[in-house]
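The values are calculated or read from the model by the stated rules, or taken from the named source; none is laboratory data. Computed from a predicted model, the values in this text were never measured in an experiment. Note that each Cβ is placed from the backbone with ideal geometry, even for glycine, and that neighbours are counted across all protein chains shown. Accessible surface areas use protein heavy atoms only, side chains included; no ligands, DNA or RNA. Shrake-Rupley method; radii C 1.70, N 1.55, O 1.52, S 1.80 Å.
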Amino acid sequence: MTYQHILHSFLHILNEMSPYVLLGFFIAGILHVFINEETLTRHLSGNGWKSVVKAAAIGIPLPLCSCGVLPTAVSLRRQGASKAATTSFLIATPQTGVDSIAATYSLLGLPFALIRPIAALSGALFGGVAVGKLAPDKKENKKESVSSFEKGKRLSFFKKIKESVKYGFFDMVDSMGKWLMIGLVIATLITIFVPDSFFGGLHQYPLVAMIAVVLIAIPMYICATGSIPIAMSLMLKGLSPGVAFVMLMAGPAANFASILILDKTQGRKATFIYVLSVIITAIAFGLIIDFLLPSSWFTIRPATDGHNAHMHMGWFETVCSITLGLLLLFSFVKKFISKFKTKNISQNDMTRTYKIEGMNCSHCKASVEKAITSLQGIDSVEVDLSSGLAKVSGDIEDDKITEAVRLAGFDISVN
């Protein structure tokens with residue numbers, strides 16, 4: 001086994017995904033800028049099935065990983081969304097997204113790309129309706145006042161496009177870049193180092209294999225796009241398409257961090273229903289794929305040929321891979337510089353530093369910045385994602401800042 005073989009396997013997977021990932025990032029930016037969160041919230045109140053359906057339909061295309069969807073869901077909950085609708089949103093959103101659906105098509109084919117959002121919708125409806133029936137809100141959830149900062153934000157069309165590009169190709173890369181790289185590296189290592197006979201025994205017992213994958217996937221935190229190359233590698237090593245599908249759905253939707261946060265905000269019963277819905281839906285659709293649908297639909301070609309170290313790379317795919325690589329490199333360098341600069345923050349009488357707990361991605365950072373900026377008396381806000389520190393300048397009391405950040409779904413303390 002040579003380093004050249006490992007590199008070729010990695011580059012092949014990257015080339016297959018990069019055009020679709022970049023397209024997904026661009027669409028993600030469009031959705032983020034042109035769809036107003038206030039408008040979404042108006043449709044998510046109530047425990048009935050209508051709010052559950054709306055929440056699932058809204059969540060499926062949104063490109064938020066499970067760390068990004070948590071503060072969004074908590075914010076929606078604070079503004080009036082019911083437990084049922086919030087649960088539906090939480091299940092549907094991290095399992096899919098325009099970026100991951102496109103990347104699923106590129107690596108696993110059209111059937112996987114179509115079944116994935118259908119399964120996410122089914123799980124969201126099942127979980128949301130179950131929470132509405134078994135763990136409903138005790139009283140109507142009153143909507144919090146809408147941020148004046150958001151109301152006053154008016155951008156021209158071209159500025160919105162610029163903001164879309166910034167969010168999609170920079171903020172989204174900051175959020176998902178690490179998990180995407182982890183998924184690519186794990187997929188490459190599985191493809192190269194795991195022998196074809198390793199999964200031979202489990203291949204005959206798909207249900208047992210699915211349960212094993214669930215036990216691995218839940219603590220294994222990874223985004224919807226990052227789970228795709230891992231699922232592909234599992235199929236190439238002998239596991240059935242249904243087992244690979246369980247990895248696609250269970251991995252992004254449930255992890256220990258999200259379970260702990262949901263236990264505090266939604267309650268233990270609603271959290272249990274949420275996790276159970278994810279597991280049941282993933283395994284159910286996995287069994288449908290293995291036993292009811294034609295196996296020819298889920299045939300994929302190997303990433304590399306062991307007898308041929310050379311592979312053809314199209315110029316367009318190569319340009320997309322280089323572009324994605326440069327964006328990832330820029331993101332990593334920016335985080336390193338930001339972390340270094342944070343150590344040298346200077347303060348004056350009007351500047352205070354707060355420690356924010358629970359930020360995991362750029363979307364979390366944006367939520368904290370928006371919550372603090374909306375307060376009167378704030379001059380500037382600088383939030384560093386790597387250190388979790390927020391530098392706030394202005395004439396305002398600590399308790400007001402604390403309240404605003406906690407309403408946004410995060411814990412805060414004076415540093």
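Report yes if Lys142 is closer than 30 Å to Asp384 by Cβ, at pLDDT below 85 and loosely packed, with under 13 Cβ neighbours inside 10 Å, otherwise no. Spelling it out, it is not the case that Lys142 is closer than 30 Å to Asp384 by Cβ, at pLDDT below 85 and loosely packed, with under 13 Cβ neighbours inside 10 Å. Scanning region 232-252 for residues that are among the hydrophobic types (A, V, I, L, M, F, W, C) and open to solvent by 20 Å² or more (accessible area, probe 1.4 Å) yields Met235, Leu236. Can Gly286 be described as on the phi > 0 side of the Ramachandran plot and modelled with pLDDT of 70 or more? When the stated conditions are applied, Gly286 does not pass them. Residue selection: Ile228 fails the criterion of being touching a Ser or Thr at 6+ places or on another chain (Cβ under 9 Å), open to solvent by less than 10 Å² (accessible area, probe 1.4 Å), over 22 Å from Asp99 (Cβ atoms) and at pLDDT 75 or above.
Listed here are the residues, each with its yes/no results for (1) surrounded by 15 or more Cβ atoms within 10 Å (Cβ to Cβ); (2) over 24 Å from Phe112 (Cα atoms); (3) modelled with pLDDT under 85; (4) not small (Gly, Ala, Ser).
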{"site": "Ile261", "(1), (2), (3), (4)": "yes, yes, yes, yes"}
{"site": "Val275", "(1), (2), (3), (4)": "yes, no, no, yes"}
{"site": "Phe291", "(1), (2), (3), (4)": "no, no, no, yes"}
{"site": "Ser296", "(1), (2), (3), (4)": "no, no, no, no"}
{"site": "Arg301", "(1), (2), (3), (4)": "no, no, yes, yes"}
{"site": "Asp305", "(1), (2), (3), (4)": "no, no, yes, yes"}
{"site": "Asn348", "(1), (2), (3), (4)": "no, yes, yes, yes"}
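The residue that is modelled with the highest pLDDT, counting only those in region 113-139 that are open to solvent by 60 Å² or more (accessible area, probe 1.4 Å) and either assigned to a loop (DSSP other than H, G, I, E, B) or over 24 Å from Val275 (Cα atoms) (or both), is Lys138.
Filtered by the rule that a residue be at pLDDT 80 or above and open to solvent by less than 40 Å² (accessible area, probe 1.4 Å), region 26-59 gives Ser51, Val52, Ala55, Ala56, Ile58, Gly59. Being open to solvent by less than 50 Å² (accessible area, probe 1.4 Å), under 18 Å from Ser100 (Cα atoms), assigned to a helix (DSSP H, G or I) and at pLDDT 75 or above is not true of Leu23. For region 367-415, a tally of residues being small (Gly, Ala, Ser), open to solvent by less than 30 Å² (accessible area, probe 1.4 Å), outside any strand (DSSP E or B) and in contact with a strand residue (DSSP E or B) (Cβ under 8 Å, 6 or more places away or on another chain) returns 1. Among the residues making up region 357-366, those that are under 25 Å from Val33 (Cα atoms) and either open to solvent by 10 Å² or more (accessible area, probe 1.4 Å) or assigned to a strand (DSSP E or B) (or both) are Gly358, Met359, Asn360, Ser362, His363, Lys365, Ala366.
Can you tell me which residue within region 159-198, out of those that are over 30 Å from Lys335 (Cα atoms) and open to solvent by 30 Å² or more (accessible area, probe 1.4 Å), is modelled with the lowest pLDDT? Ranking the qualifying residues of region 159-198, first place goes to Asp196.
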